[in-house]
1. State, to one decimal in nm, how far the label point of GLU20 lies from the label point of GLU243, with both points 7 Å from Cα in the Cβ direction.
2. Please report the Cα spread of region 76-225 along all three principal axes, rounded to whole Å, starting with the longest.
3. Rounded to a whole number, what % of the accessible area of region 103-225 do carbon and sulfur atoms account for, probe 1.4 Å?
4. Note down the accessible area of ARG35, probe 1.4 Å, to the nearest 10 Å².
5. GNM on the chain, C-alpha springs below 10 Å: top fluctuator among ASP114, ASP197, ASP26?
6. Thinking of the chain as a set of Cα atoms, what percent of all their pairs are more than 25 Å apart?
7. Summing Lys, Arg as +1 and Asp, Glu as -1, what charge do residues with Cβ under 13 Å from the Cβ of ARG72 carry, ARG72 excluded?
8. Between GLN73 and ARG186, what length in nm is gained on full extension when 0.36 nm per residue of separation is reduced by their alpha carbon distance?
Amino acid sequence: MNAYRTDLALETAENLGGKEAFSPQDGVRITEQMREGYCVTMLHITDETGARRMEKPMGRYVTIDLNPYFRRQSGFFGRGARCLAQELTALLPGVGEDSPTMVVGLGNRAMTADAVGSMALENLLVTRHMVTTLPLQFKTFTPVSALAAGVTGCTGLETLELVQGVAAQVKPAAVIVIDALAARERHRLCATVQLSDTGLIPGSGVGNHRTAINEETLGVPVIAVGLPTVISTRHLGDGGGEEMFLTTRDIDQRVRELSRLIGYGITLALQPALTLEDVTGLLG
């Protein structure tokens, strides 16, 4: 088991030596590209050999470097949202009126570093009710439903139980799960988004393992969207004493801004006919 905490596949690969440490026979492929001015790294675990070495499920892990966003480069928000949407589209099994999608926001709304999921839902265009009641007017829209799952300490329910119960009624073709993550490197705090088609285990980055939310447990493809918001003191030179998790001092602003970016990115992926301006108008 890895001796450090990180939910980011890219950081796990870096700890093992980076891109140069993997050959085609290792079951791990790493590629980079620029999209909309953002650096995107694709890490694909292709077989059990790679899964064992990475200690992560087989599948695709996409890391988007958000530094251009905080440098406020020209059109930074729109380009960031479109980049996220394009990468998310590549992971989704399909969108459209015949592919209803449920978006689940995990975490505790009362704790800023854990509020990414619920805050992103506030910037998501929810359409299932509109498609149901006005099918002619919204026939080109993907039916999208949203669930703010909360945490077990507040609900008394395992997150998976809650998601399974709602999914049984909604019958989505795919589920998108949004959550806060733990990073190993401080420069990635609130500066990276990870997408994956492997689902996730809520709380795994901080040692609070819950039941996995993935295709095996839900029966449909599960896409995870994660924002690293905390880092263990173990990575900051504090090897003794009780482990603590730290975040950035501007966490309120960063989570608020990036939750909006995630909400818009998911909406653009699920409603490809809409522009950024359309989304703003419909959310308003």
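The values are calculated or read from the model by the stated rules, or taken from the named source; none is laboratory data. All values reported here derive from a predicted model rather than from experimental measurement. Because the Cβ atoms are built from the backbone with ideal geometry, glycine has one as well, and the counts that use them run over all protein chains shown. For the accessible areas, the whole protein counts, side chains as well, though only heavy atoms, and no ligand, DNA or RNA atoms are used. Shrake-Rupley method; radii C 1.70, N 1.55, O 1.52, S 1.80 Å.
1. Placing both labels 7 Å beyond Cα along the Cβ direction yields 3.0 nm.
2. Between the extreme Cα coordinates on each principal axis of region 76-225 lie 48, 40, 28 Å.
3. Numbers: 2840 of 5200 Å².
Exposed carbon and sulfur together represent 55 percent of the surface.
4. The accessible area of ARG35 comes to roughly 60 Å².
5. Greatest mean-square fluctuation among the candidates belongs to ASP26.
6. Numbers: 17939 of 40186 pairs.
More than 25 Å apart: 45 percent of the Cα pairs in the chain.
7. Details: positive: ARG71, ARG79; negative: GLU257.
Taking every Cβ under 13 Å from that of ARG72, the sum is +1.
8. Values: separation 113, 0.36 × 113 = 40.68 nm, distance 2.19 nm.
Length gained, GLN73 through ARG186: 38.5 nm.
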